[in-house]
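What follows is a single structure, written as structure tokens, with notes after it.
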Amino acid sequence: MDSPATNTVAADQSGSRRGRLLTMPFALITLTALAYFTALGTLLPTFPKYIEDDLGGSGLVVGVAVGIFSISAAILRPWAGRFGDRRGRRLLVVGGALLVALSVAGYALVDNVAILIAMRIVTGAGEAAAFVGLATAVQDLAPSDRRGEAASYFSVAVFAGLAIGPTLGERIARNHGYHTTWVCAGALALLAAAFGSATPVGEPSNYKPRTVLHPAALKPGLVLFLGLMPFTAFSAFVALYAKNRLGVDNVAPVFAAHAGAALIIRLFGARLPDRLGWRRASLVSLTAASIAGLVFGGWPSIIGVYVATGFLCIGQSFLFPALFTAVVHDAPEAERSHAVGTFSLFFDLASGIGAPFLGLVVSLSNYRGAFFASALIGASGFIALRRLRRSFDARPSVAGA
């Protein structure tokens, strides 16, 4: 029996609203994402340096402190997805953003690594709920033939926040200190919770999953996990690499360039994942991401960092939307949040597992070694992608997506 959400989509496709994507609810979701990811973006260049400079953490400690956020989010995403299918998206968005706001602002109250890591776990729990709610609501509003485009436009807000946030965070930290940075980031997440109160609830269902992880998301998630390793190395260690190896203390322009370029690519290339299909778009993304890791490690200069960042932008711009499209096409409407939650947990695993592993590589070798390792792992995504393509060839609904 078709769910109400399925009937709504069918009606949209057959009626006068066919193909309509840019609506007021969609705009409100992207505005929420902008405030939310600006808050998270302020932490990218500041949090690793705070751990190393103020708290005396090693490369491994930095990796754990950065990655535990994603481990927490990864564990909870499938449960958040199941909750979203049964209770709607709005509770996920508002509740998750509030958890992030309170925990990040709370960083200002502690100067102990162990307690800070515990608070990062709470931040990750909020991230699990907020992202799943936002990403699912976007797909609820998208016509089936424009889902890749919807994911791309939604990610424009994500990368705009990640472009603004690092510069904002560096400036606040430099002029007012790290603790003020955490308070300001918490305030931005609180603003996201306010905007998120307008998120459409969606169509609650009686779906009762038989497994914790949705099967439609597992193989695409593995490709995503491997392809994100160069980005994990970039986000966790480029600030320390630039400072300790290249003598460049302020890397906010690098983060801003990355997010800004990705923003432009996704804004003007929003339809490419739908036009290329998830297979070719994923192939291009894996290739660019692997090249980025090689350039980071093989060209130790600030120019090399910017060149590698350019390749990374290409890799990041299409991989998630392309694979996300395959997941949503393959999952029934009533199970969408569960599938989204399962798929997005692989994004967290890339950081939660990848950051500590690459931190260990840094401790055993150096930052360049970690970038080379990330390139090798990213390139292994070609094998996973090939197996994914073979698996989906037997599914007409997604084989040509």
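If you go through segment 88-95 one residue at a time, do you hit one that is modelled with pLDDT of 85 or more, surrounded by fewer than 20 Cβ atoms within 10 Å (Cβ to Cβ) and over 30 Å from Arg271 (Cβ atoms)? Yes; the residues of segment 88-95 include at least one that is modelled with pLDDT of 85 or more, surrounded by fewer than 20 Cβ atoms within 10 Å (Cβ to Cβ) and over 30 Å from Arg271 (Cβ atoms). One residue alone among Phe47, Phe83 is in a helix (DSSP H, G or I), of a type in the set (Phe, Trp, Tyr), under 21 Å from the mean Cα position of the chain (by Cα) and surrounded by fewer than 23 Cβ atoms within 10 Å (Cβ to Cβ), and that residue is Phe83. With respect to being more than 30 Å from Val110 (Cα to Cα), surrounded by 15 or more Cβ atoms within 10 Å (Cβ to Cβ) and at pLDDT below 85, Leu21 fits the description. Taken over segment 296-314, the criterion of being crowded, with 21+ Cβ neighbours inside 10 Å and modelled with pLDDT of 90 or more is satisfied by Phe296, Gly297, Val305, Ala308, Thr309, Leu312.
From the list Val362, Val284, the lone residue that is surrounded by fewer than 23 Cβ atoms within 10 Å (Cβ to Cβ), in contact with a helix residue (DSSP H, G or I) (Cβ under 9 Å, 6 or more places away or on another chain), modelled with pLDDT under 95 and assigned to a helix (DSSP H, G or I) is Val284.
Taking the residues in segment 245-270 that are assigned to a loop (DSSP other than H, G, I, E, B) and not charged (D, E, K, R) as candidates, determine which candidate is modelled with the lowest pLDDT.
Ala270
Every listed requirement among (1) within 18 Å of Ser155 (Cα to Cα); (2) surrounded by fewer than 24 Cβ atoms within 10 Å (Cβ to Cβ); (3) among the small types (Gly, Ala, Ser) is met by Ala289 save one, (2). Does Gly41 meet the test of being under 21 Å from Glu170 (Cα atoms), out of contact with any Phe, Trp or Tyr (no Cβ under 6 Å at 6 or more places or on another chain) and surrounded by 23 or more Cβ atoms within 10 Å (Cβ to Cβ)? Answer is yes for this residue.
As a summary of the residue check, Ser317 satisfies the conditions (1) of a type in the set (Ser, Thr, Tyr); (2) over 14 Å from Phe371 (Cβ atoms); (3) surrounded by fewer than 19 Cβ atoms within 10 Å (Cβ to Cβ) except for the one numbered (3). Taking the numbered list (1) part of a helix (DSSP H, G or I); (2) touching a residue at least 24 places away in the same chain (Cβ under 8 Å) in turn, Ala118 passes all entries but (2). Across segment 212-244, the number of residues qualifying as of a type in the set (A, V, I, L, M, F, W, C) and either over 18 Å from the mean Cα position of the chain (by Cα) or not in a helix (DSSP H, G or I) (or both) comes to 7.
The values are calculated or read from the model by the stated rules, or taken from the named source; none is laboratory data. These figures come from a predicted structure and were not determined experimentally. Counting neighbours? That spans all protein chains shown, and the Cβs are built from the backbone with ideal geometry, glycine included.
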